[in-house]
Each structure stands twice: as C-alpha cells, then as structure tokens.
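What follows is calculated from the coordinates using simple rules that are stated; it is not laboratory data. Please read these numbers as outputs of a predicted model, since none were measured by experiment. No Cβ is skipped: glycine too gets one built from the backbone with ideal geometry, and neighbour counts run over all protein chains shown.
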Amino acid sequence: MESSASPIQAKPIAQRKIFSRIMDNPIIAKELKGRMRGRQGFIIIGSYITLISFFIILIYLFLAVDGSVSNGDPGFLQTIGKVIFSTVVLLELLMLGFIGPALTAGAISSEREHKTIDLLRTSLLSARALVFGKLSSAVVFLLLLIFTAIPIQSLAFFLGGVGMAEMVISTLMLVITAIFFCTLGLFFSSISQRTLIATVFSYASILISFIVFIIFLFFISVLNSSSSSPSVLVENIVTVAIWFLFSTNPFFAAVMSESILIDDQSLFITTNNIIGNSSLPMPSPWIIYSIFYILLTLLLIGLSVYFVNRPDR
C-alpha cells in the first residue's frame with residue numbers, strides 16, 4: 001500500500017501545478033517565444049545595457065578628474081558609489097516609461113486590426129486569461145531588463161555607500177513601475193481600435209501626469225512665497241497632499257526615499273518640513289508609491305478585462 005505524500009513533498013508539487021497552469025496559457029507561451037526569438041528583444045536588451053554603461057562611465061570619469069579615486073579616499077569612493085547607484089535606478093525608471101507602454105500598446109488593438117479578436121473570443125480562452133497572458137509576457141521581458149542591470153548596480157557595493165536596504169527598495173520600485181507601465185499600455189490597447197491611438201494615449205497620459213506635477217510644484221512655490229500664514233489644520237492638510245503628490249512621482253519618490261534613508265536612517269517613517277512649520281510623521285515615499293501603483297494597476301487590469309470582454313460596436 002503506497003504512502004501518501006508528505007507535506008514537504010506536497011509543496012513542490014503544488015508549486016509545479018501553479019507554474020504549469022501559468023505556462024499552459026497559450027498567449028504567454030506564444031508571446032514569450034515570439035519576443036525572445038526575434039532580433040527586437042536582443043536589440044532592446046543590448047541597447048538598454050549599453051546606454052546605462054555609457055552614462056556610468058561618463059559619471060565615473062567626471063568624478064575622478066580631481067584624482068581622489070587614485071588616492072583611495074574612502075569618502076569620495078562612497079560618493080561615487082551612491083551616484084552610480086542612483087543614476088542606474090533613475091535611468092531604469094526613465095527607460096521603463098518608454099519601453100513598458102510600447103510592449104503592450106498593441107496587445108489587444110493589434111488583434112482588432114488583424115481581425116483575430118473574434119477568434120480569440122470564440123475559443124476557450126477567457127478575457128481574463130487573454131489580458132493576463134498579454135501582460136505577463138511583457139512584464140517578464142521588463143523584469144529581464146531590470147535584473148540584467150543588477151550587476152551594474154552592484155558596482156556601487158565595491159565602492160561603498162550603498163546598503164542592501166537601498167537595493168531592495170529600488171528593485172521593488174522598479175518592478176512595480178514596470179508592471180504599471182505595461183498595464184497602462186494594455187489598458188489603452190483594450191479601449192482602442194488602432195495601435196497608434198493606444199500608443200499615443202499611453203505616452204500622452206505619462207506626459208500629462210508630469211505636466212500636472214510641474215504645475216503643482218509651481219503652485220507650491222507660490223504658496224511658500226506668500227506672506228499669509230495658514231492655520232495649523234490647513235497647513236497639515238496641505239502637507240499631507242504635497243507629500244502624497246511627491247510620493248506618486250517615480251523620480252521624486254526614489255530620490256526622497258534615498259534621502260530619508262541617509263538622513264533619518266529610517267526605512268518607514270520620517271518627519272518632513274515641506275511647508276511652514278509642519279512636522280507630521282509621514283510614511284516613506286516608497287511605501288505610498290508601492291501601495292498607490294499596485295492599486296492603480298489592479299484597477300487598470302480589471303478595466304482591461306471588462307473592455308476586452310465587451311463586444312465591439
């Protein structure tokens with residue numbers, strides 16, 4: 001009589017079942033094979049690594065002009081390490097904003113253009129599986145880009161000045177950003193009939209968000225320069241709103257989280273003084289950033305499934 005599987009043996013079996021269910025999605029298998037077998041994937045990865053390496057070399061040469069590197073000044077080496085690490089993260093955030101929507105802007109709209117969306121609907125593949133398959137293939141490719149840049153980031157460890165906490169937080173923000181930008185392109189692809197329209201809407205929404213952010217920065221500068229002193233309640237409300245606004249911008253959230261980690265030696269809580277004399281305890285920007293974009297990503301995925309499932313008029 002055969003004995004039943006132990007809990008230790010059952011766990012790998014369950015993990016294999018989950019992995020097999022994911023890979024059984026024909027959309028994921030098709031998209032990944034098509035993306036990785038063509039030249040486009042290798043050109044993007046090569047250009048991505050080359051561009052980051054080029055900027056890192058320029059920054060290193062620029063900072064090493066005064067000869068402090070050859071003298072082995074530990075403080076200066078730590079400064080170079082921080083600059084290299086911050087540059088790589090910011091460059092990755094910038095390039096994810098360009099590459100992410102481009103990978104998914106034609107995911108659904110191209111099926112409409114080629115008149116194959118009806119064939120997908122009549123198959124056993126559900127709208128949720130279709131959206132998940134299209135999204136997963138693009139996210140996996142972006143994750144590959146993120147993890148290929150980790151060896152370049154690790155150069156900062158040899159120079160010093162960067163800890164494991166900074167590496168973990170930056171990787172988490174990059175992963176969330178990659179998933180969000182792919183979801184954004186997929187959402188506009190699900191509501192558009194043409195890939196060009198979906199692409200324009202995707203990049204326009206990113207550009208508009210930055211324009212709105214700049215307008216708010218101008219409003220904040222005007223508010224700070226005004227002579228009137230608001231009440232404590234109004235000042236606290238404005239401080240919370242400004243902190244939330246800054247935390248939803250990927251570049252400011254990354255820079256502010258790094259600054260809080262260095263100055264306050266804290267990963268989670270800080271006391272800010274953005275406006276007036278307010279000193280409210282605030283969560284670190286990377287926490288607000290992660291929660292906000294995870295919720296927004298889930299909302300866009302749900303809307304994408306709804307629009308894919310809705311019959312075209």
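What is the total of Lys pairs in the range 21-309 with C-alpha atoms under 23 Å apart, excluding same-chain pairs fewer than 8 positions apart? Here the count comes out as 5.
In terms of overall dimensions, the C-alpha atoms belonging to the range 21-309 reach 62, 54, 32 Å along their principal axes, ordered largest to smallest. Each peptide in 181-189, 89-97, 293-301, 139-147 gets a packing score, the mean of other Cβ atoms within 10 Å over its residues, and the list from highest to lowest is 181-189, 89-97, 139-147, 293-301. In plain terms, the residue of Thr199, Thr177, Thr50, Thr248 with the fewest other Cβ atoms within 10 Å comes first and the most crowded comes last, giving Thr50, Thr248, Thr199, Thr177. In the range 122-225, which trypsin sites (Lys or Arg not before Pro) fall in coil by DSSP and have 16 or fewer other Cβ atoms within 10 Å? Answer by residue number: Arg194.
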